[in-house]
Structure formats: structure tokens, C-alpha cells
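As C-alpha cells, the structure follows; a few thoughts come after it.
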Amino acid sequence: MTRSPHGPVPREAAVTASAPAPVAPAVSVAPGPHLHAAASTQRMMADVLVGLAPLVAVAVAQFRQHALFQMAIASCSAVVSEWLFARMRGRPATLWDLSALVTGLILALSLPAGAPWYAGAVGAAVAIGLGKAIFGGLGQNLFNPAMVGRAFAMISFPAALGASAYVSPSLGIEAVTSATPLTAFKMSGQVTPIGPLFLGATNGSIGETSALAALLGGLYLCFRRTAPWEIPAGAILAMGAAALPGLAGGGTTWTLAHDLSAGAFMYGAFFIATDPVTSPLTPRGKWIFGAGFGLLVAMIRRFSGYPEGVMFAILVMNALVPLINRGTIPVPVGGPAPQTR
Amino acid sequence: MSATMARLRGRPFRGGVHPSENKELSWECRIETLPPPPVVQVPVLQHTGAPCSPVVKPKQEVRAGDLLADSSAFVSAPVHAPVAGVVQRETVATLPNGRHVKVIPIQTAADQPTPEDLWADVYGGEWPLDGVEAAEPSAIVSAIRAAGIVGQGGAAFPTHVKLTPNPAKPVDTVLVNGCECEPYLTSDHRLMLEAPRPIVVGALLAARACGARRVVAAVEDHKPGASAALRAAADGAAFEVIELPTKYPMGGEKQTVRAALGRTIPTGGLPLDVGVVVLNVATCAAIARAVLRGRPLTHRVVTVTGRGIRTPKNLLVPVGASYADLLAACGGLAPDAARVIAGGPMMGFSLGSFQAPVTKGTSGIVVLTAADVRAVEETACIRCGRCVDVCPLNLVPTRLALAARHKDWTMARRFHITACMECGCCAWVCPAAIPLVQLIRTGKVQMQKEAGA
């Protein structure tokens, strides 16, 4: 006996009789397809956490308890905010889809080790509230929540998150005694050797120092198809294209490799720009988005007063996504559908 | 860009998915004959096109193969008595797709052919090729029309319509579709193994009818036995067999034609537009039977499978047998059966009642268990674009579903909703478990209704 909308029906009776049998079989009815891939939002978010593992490991190895502190503050704040805002909106809190945790962690990894506790806490709360909830929750937001939170915190607490905040010898950690490689290059033309820059022995936001870690975790995401490979590929190609004029001029010892390894570029290209919600839908759109991101980062680094441009590049490109989506509606296989009416 | 990438990667067609096949449940099972049920109910509409009107009266005695209903419309196909018996008063049945159709019930007579005789009549015996060259094309088409042959792959489009020569659109190739890309189903597979000869002969007859010079059979590469059997059965005749990579929906007309012949059917068009006629393997066998033996399409092979059925089988059944008859012949439902599907699990319809009759287009019954039917709650779209990646037609399913949900037909048209063939790859892959293809399907119908109003 099993339940059906019509009440319990003896299964045998429904099936074995060859004469007209009772109408309601003990089975459920639904439109097809009746099979489903073993994919879920939660699984994708868990994938991101796995992909972030190398970055977290480098952060902890380099910045010790300060990295743990930043990650704990921002993650907790993000998850609590998610719960609070869901309550305010009268919606069930979907903490188990792990999206809030991912937002908190992405934000934490973009903070300097010495940032005060309230920078991460307020940043994460704003990320969830202004970055996501206000647009209608997961899937509806225009801007990357973590970057919204970081921009808000940076404007609110300039001293705590500006270039100078990265140098705080009082922490007792060697890396933070000197300026970040991008600031050093911008301010005094000082070029950091590519080895430490790529491996992650330099100063910077806790998650951005190792390009290698970001590359490893990012390739994992692309391999799992949780992150579209088109976006980082477009970003790296654009960064390369932006370096071409410099090559022609003979230029400095700051090479394309430096540009790719320094700051949050790899981290941003693989983990932030690939946020599905705030990036385009189609492969072509993703190429454009990635290339735009890479180009903007190069421009901001070279021509603006800021040493780094990942956060602004992401936010600007996010704003362009609806436009990109509109312009990249794919042509169906076999040509456009004939318009009868 | 994506077209270039496709060529670089050697993809047979864009997108597609790889659901668990589960064909091993029934692909070793030889075709068995279903004992004639006490009553068969023959629908007067089993095809795409105009319904037929009955030409028999209640209490009239009919022999197997007698005409039951016919229509004067071009796009229609007559139906015939699958068994000898007595005609009952006509009733109405609901087909799995929700359509209510008139059915002509026949009380089966006591005297029925043995399973061996039935097999010999339908798919067994000799299928000589000598007649093919001599056959008059128009005579082949009329024989097909008279036999009530429709596409047995699922869409059930009347076959004589496809094969009637059209001077404006000459046909150069007959493509025999043996892909059977739906998971679980093995009826075409078994037919290719056990009766390859009528398939070959029928395909050659079809080619003669429509003037095609080339006959190509396409089989997915996980069925090497089937392609080998077809090659052996061709026995020197001009009949090529191509193995295609296994990927859903390889059996879709547009995908098969693209993968096997490299031709792209225009959106809203037919294989005819690129000089191709696509015929399912069972349809080909029915053509051979109609032309060489003068017998109508009254029986077909149906796979009854899934972990929710006690003994999966491939059954040769008379059209009009009820789903309950078939399930009973396979030992009935297992205790954990949760869903009974007419057709394959990707595009088939779940059944609320098992009294519906098997039609010429019924390829299988799949019984899924509770574990197979994953009840996942729909969550928010995170715009990951996986539906775009798997869409074989390069559409943006998430936008189409959104447009359908909001009844925004301008947006639906902008994203080419009418190009969708409803294969269901998008809904299969969606991490948020959004019923994408379901929304698009209803959206297409609603849009048409509102445009007509």
C-alpha cells in the first residue's frame, strides 16, 4: 500500500487486472524530464569552498591568526546577516546553500591582515544586505556581493583598508612590514621579483598573495565546470593585450608575468569574476566579460591613482552584464526562429 | 565562435548531456510476444494529423489486419485491427500525452496465432531484396499509406507524407535512425539485433519511393552489436552504417542529421529542407512488411523497463493493448515503484492511469523507483548558464523559462522560443532544479493560444 493523491490504492489491483482496473495507480505524476543530474546550488558553492582551500592555506601560513580572524569575522557576519535579512523579508533562510559563507569568505580573503574587526563585519553585512537581499536575494543581485561589501567598507574606513593599511609592522609578521608589490611599483617604481610574487611571499590582502594558489583552485573550479573557463581566459588574454604597447616601448622590468601574478588579479579572475549570478549567461558573453575585466584592471593599475583595480573592474563589469546579455543572444542552430506574428 | 569550437573539438552537435543510460536492465532481453489481451482498444488517432473515422460497426467480426478507421486527409494514417475478434462500441481513452481520443475496442477472438507464427508474420521469415528494384515508387507510397505507417520513434508523423516526392525539395538521402538516445529504452536496439533484415529492406524501399540515392543508418556507438547486425543484413546492398558518439539527444532529427551527414536543418524546417528523410528503424521494418507482405502496422516492440518493474522485457505487442497488460506481463510493479512513464524518461509522459492503449508511437514504458525520481525543491536561478551550455539548439533556456513564467511573449520571441524542441537537457542539468523545459513547453502553447485569440 502506498499513498497517492487519491488515497491508498492496492498496487497489485491497479496493475494485474487486465479488465478495467481502478483509475489511480500508486505512482506520482509529473512532467518530464523524469531524471535529473546530481547538480545543485549547494554543490556548486561547496565546490567554490574546495577551490578556495589553497588560498586559505596560503593565507593562514602567511598571516597566521590574523588570517583566521578575518575569515572568521567576515564569514560569521555574512551567515548571520543572511539569516537576519531572510527573516526580515519573511523568507526561509537558505543558509545551507552555502552562498552566504562563500560571500563572507571571498570578502575576508580580499582584506588586509591588519584590518580592524568592524571592517570585515560591516563589509559582510553590507555584502549580504545591500549587495544581495535588497535585490531580491540569491540570483537577483546585479553586483558581486562581496565586492559591494568591500567597496562599502573601503569608503567607510579608508584608513583601515587603504594602501597604507597593508603596512602594519605591529602585527609581528614579516610580510606586512613592506608595501604591497603593486603599491611599491606605483609609488616608487620598485619591481618585486617574480618568484615570491607568484608563489605568495609578498604583502597583500590575505587571499591574494599567491597567484599559484589562485591558479590551482581556479583550475579546479573550471575543471568542475563550477566556474566558466571563458572568464579567466578572457581576462588573461586581455591583460596580455594590454601589455603589448609596453613591450613595443622596450619598457621596464615590470612584465606581463608581474601584472598577472600581482595583487588580486588571479584571485579575481578565477573566483570573483566567475560568480555566476553577476556574470553573463552565454559563452560569448563570458568571453567579453572576462576580457573587459582584464582590460579594466590593467587600465586602473596603469592610469588611476589606485595601485590595484580588481574590485572596481568587477563592479563596473557587473553593471555591464545586462547589456552584454542583451547583445549576446545566441543564434539558434539552424538560424533564427521564423517570426510568424 | 561556438561553431568553430565545435569543429575543433569534433563535436557531433552542440551541447547535449549524458544521463545514466540504464539500458543494461533490458538490452539482453530477447523480444517476447505479449499474449493477446482479452480486449484491445485501437485509437483512431495515433499520429500527427487528422483523426480517422471508423469504418466498422459494433458487433462486426474482424480479422487481424482489417481496416478499422480511415481518413481522406493527406496528413493522416489509417488504423487496422491488430487481432481477430469482435468490434465493440467505441469509447474514449486518454492517451499518455493527455489527449482524449476515440478508441475502437475489439474483443479478442479465442483463435489467435502462436507467438512463433506472430513473430514470423511481423519481423521473421525471408525478406528478399529482389522486389526493391522493380517496385514502382508510387506503389510503395500507396502501400505505406494503406498500411497506416507512422514514425515509430515517438512523433508518429505519417510516413507516406515524408516519402511522397516533392519536386521543389528533392531527397538525396534516407537516414535510418537507430540512435535510441533516450535512457533505458532498448526496443530499437533489440529490433536491430533480432530483425535487421526488414530494417535494411524497408529503408531501401523508402529510398526508392522518395528517389534518394543514399541510405545511411545511424547508430550510437554503445550498440556495436546493432550496427554489426545491420551491416551483416545489408549483405552487399547500398546501405551504409555510421556509428555516432553516444550522447542525448543524438536521436533528435536535427542532431542525427547534423552528426551523420553534417547538414544543419533550418529552424522551423524539416530534414526535407536539406534533402533528407529520417526514418526510425522500426518504421523501416514496417515499410518492408507493408510492401513485401501487404500487411499493415499493427504490432510494435515496446521496452518495459526500470528498477520499478519486476522483470524488464522487450515485448512485441499489438497496438491497443493497455499499459496495464504490458506491466502485468512483466510481473507488475515492484514495491518501490514511484513513477510510470510512457516513452523515455527524458521526453516521456508520466501515467496517472494504466488503462491507456499502446499506440504506434509507444517506444517504451519506464518504471522509476523513488530513488530514481529525485524530489528536489526548486531554488533560485543563479544564472550559471549550464542550461545554455547543454542546449543542443544554442538557446538560452533560463531566459525562455523566465519569459514563459511572466507570459512575456516579446522576450520569448527575442530568445527564439519556437526553436525549442523540448529535449529537456536544460531541466536535467539545472542545479537549481528549475523546471525549465516544462515552463518553456507550456509557454509555447500559451503563446500560440494568445496569438490566435
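The values are calculated or read from the model by the stated rules, or taken from the named source; none is laboratory data. In this text, all values refer to a predicted model and were calculated from it rather than measured experimentally. Here the Cβ positions follow ideal geometry from the backbone for every residue, glycine too, while neighbour counts run over all protein chains shown.
Here are the numbers:
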read-out: Options B:269, B:236, B:251; residue that is assigned to a loop (DSSP other than H, G, I, E, B) and more than 23 Å from residue B:392 (Cβ to Cβ); value: B:236
read-out: Some residue of region A:311-325 being at pLDDT 95 or above, within 13 Å of residue A:235 (Cβ to Cβ), part of a helix (DSSP H, G or I) and within 12 Å of the chain's Cα centre (by Cα); value: yes
read-out: Residue in region B:10-20 that is within 14 Å of chain A (Cβ to nearest Cβ) and farther than 30 Å from residue B:396 by Cβ present; value: no
read-out: Every residue from region A:154-209 that is among the aliphatic types (A, V, I, L, M) and assigned to a loop (DSSP other than H, G, I, E, B); value: A:167, A:173, A:179, A:191, A:201, A:206
read-out: All positions within region B:260-269 that are surrounded by fewer than 21 Cβ atoms within 10 Å (Cβ to Cβ), of a type in the set (Gly, Ala, Ser) and more than 10 Å from every other protein chain (Cβ to nearest Cβ); value: B:262
read-out: Residue identified as surrounded by fewer than 24 Cβ atoms within 10 Å (Cβ to Cβ), of a type outside the set (Ser, Thr, Tyr) and in a helix (DSSP H, G or I) among A:119, A:72, A:78, A:146; value: A:72
read-out: Residue satisfying condition, being in contact with a strand residue (DSSP E or B) (Cβ under 7 Å, 6 or more places away or on another chain) and not acidic (Asp, Glu), within set B:396, B:367, B:376; value: B:367
read-out: Top-ranked residue in region B:424-453 [being hydrophobic (A, V, I, L, M, F, W, C) and loosely packed, with under 15 Cβ neighbours inside 10 Å; ranked as farthest from residue B:345 (Cα to Cα)]; value: B:453
read-out: Cβ pairs under 6 Å, 6+ apart, first in region B:388-399 and facing chain A (nearest Cβ under 7 Å) and without any contact (Cβ under 8 Å) to a residue 12 or more places away in the chain, second hydrophobic (A, V, I, L, M, F, W, C) and assigned to a loop (DSSP other than H, G, I, E, B); value: B:388/A:281; B:388/B:396
read-out: Options A:3, A:64, A:43: the member that is within 14 Å of chain B (Cβ to nearest Cβ), modelled with pLDDT of 75 or more and surrounded by fewer than 17 Cβ atoms within 10 Å (Cβ to Cβ); value: A:43
read-out: The lone exception for residue B:411 - which of (1) surrounded by fewer than 24 Cβ atoms within 10 Å (Cβ to Cβ); (2) assigned to a helix (DSSP H, G or I); (3) facing another protein chain (nearest Cβ under 7 Å); (4) not β-branched (Val, Ile, Thr) it fails; value: (3)
read-out: Test for residue B:412: is it more than 20 Å from residue A:37 (Cα to Cα) and touching a Lys or Arg at 6+ places or on another chain (Cβ under 9 Å); value: yes
read-out: Failed item, numbered, when residue A:202 is tested on (1) surrounded by fewer than 17 Cβ atoms within 10 Å (Cβ to Cβ); (2) in contact with a helix residue (DSSP H, G or I) (Cβ under 6 Å, 6 or more places away or on another chain); value: (1)
read-out: Filter result (without any contact (Cβ under 8 Å) to a residue 40 or more places away in the chain and either touching a His at 6+ places or on another chain (Cβ under 6 Å) or more than 15 Å from residue B:143 (Cα to Cα) (or both)) within region B:68-84; value: B:68, B:69, B:71, B:72, B:73, B:84
read-out: Whichever residue in region B:414-436 is part of a helix (DSSP H, G or I) and at the interface with chain A (Cβ under 7 Å from one of its Cβ atoms) and, among such residues, is nearest to residue A:332 (Cα to Cα); value: B:419
read-out: Within region B:283-383, strands (runs of 3 or more DSSP E) holding 2 or more residues that are more than 7 Å from chain A (Cβ to nearest Cβ); value: B:299-305, B:313-318, B:364-369
read-out: Selection count, region B:390-399, where residues are within 26 Å of the chain's Cα centre (by Cα) and in a helix (DSSP H, G or I); value: 2
read-out: Exclusive hit being more than 14 Å from residue A:234 (Cβ to Cβ) and either within 14 Å of chain B (Cβ to nearest Cβ) or among the small types (Gly, Ala, Ser) (or both), set A:269, A:273, A:257, A:291; value: A:257
read-out: Segments classed as helices (runs of 4 or more DSSP H), wholly inside region B:158-219, with at least 2 members that are touching a Phe, Trp or Tyr at 6+ places or on another chain (Cβ under 8 Å) and at pLDDT 95 or above; value: B:187-194, B:196-210
read-out: Test: residue in region A:143-158 that is within 18 Å of the chain's Cα centre (by Cα) and among the basic types (Lys, Arg); value: yes
read-out: Within region B:89-106, tally of residues that are assigned to a strand (DSSP E or B) and out of contact with any His (no Cβ under 9 Å at 6 or more places or on another chain); value: 8
read-out: Some residue of region A:213-233 being touching a residue at least 60 places away in the same chain (Cβ under 8 Å), over 16 Å from the mean Cα position of the chain (by Cα), within 22 Å of residue A:302 (Cβ to Cβ) and assigned to a helix (DSSP H, G or I); value: no
read-out: Test: residue in region B:239-249 that is surrounded by fewer than 17 Cβ atoms within 10 Å (Cβ to Cβ), free of Cβ contacts under 8 Å to residues at least 12 places away in the same chain and not β-branched (Val, Ile, Thr); value: no
read-out: Single residue of A:158, A:112 found to be away from chain B (no Cβ under 14 Å), over 21 Å from residue A:85 (Cβ atoms) and free of Cβ contacts under 8 Å to residues at least 60 places away in the same chain; value: A:158
read-out: Residue pairs meeting the criteria (Cβ under 7 Å; at least 6 apart or on separate chains; first of a type in the set (Phe, Trp, Tyr), in region A:68-90; second assigned to a helix (DSSP H, G or I)); value: A:83/A:95; A:85/A:128; A:85/A:129; A:85/A:133
read-out: Residue match in region B:163-177 (condition: of a type in the set (D, E, K, R), crowded, with 24+ Cβ neighbours inside 10 Å and out of contact with any helix residue (DSSP H, G or I) (no Cβ under 8 Å at 6 or more places or on another chain)); value: no
